[in-house]
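Values in this text are rule-based calculations from the coordinates and carry no lab data. Since we're looking at a predicted model, the values are computed, not measured. As a convention, Cβ positions derive from the backbone with ideal geometry for all residues, glycine included, and neighbour counts pool all protein chains shown.
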Amino acid sequence: MPSTLDDSLKPHTSNPLRLAELDTYGILDTAPEEGFDDVVQIARLICDAPVALVSFVAAQRQWFKARVTSPGVV
């Protein structure tokens, strides 16, 4: 679930140490995982929020590893 980043976020996302650490995880562009799906579902219910997400921010994009919405929310 890739997404491009707004230019205003680039100073915060370009830290080379953070990017290198993210790369070691090998998590970008991976398939959904039940554990992450469970986390967003629990977070949405606890916070009574219409949407919950787990995302990882790379240098040029944001990867949504898991997301859930309430019924009727697009």
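One table, with the values for the structure above:
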{"quantity": "Value of Rg/Rh across region 28-69 [Cα atoms, Kirkwood radius]", "calculated": "1.01"}
{"quantity": "Net charge over other residues, Cβ less than 12 angstrom from the Cβ of ALA66 (K, R count +1; D, E count -1)", "calculated": "-1"}
{"quantity": "Listed peptides 52-63, 22-33 by packing density, highest first (mean Cβ within 10 Å)", "calculated": "52-63, 22-33"}
{"quantity": "Chain lengthening between SER70 and THR24 when straightened (0.36 nm per residue, less Cα-Cα)", "calculated": "13.3 nm"}
{"quantity": "Distant-in-sequence amide H partners of ALA58 (H built 1.01 Å from N, under 5 Å)", "calculated": "TRP63"}
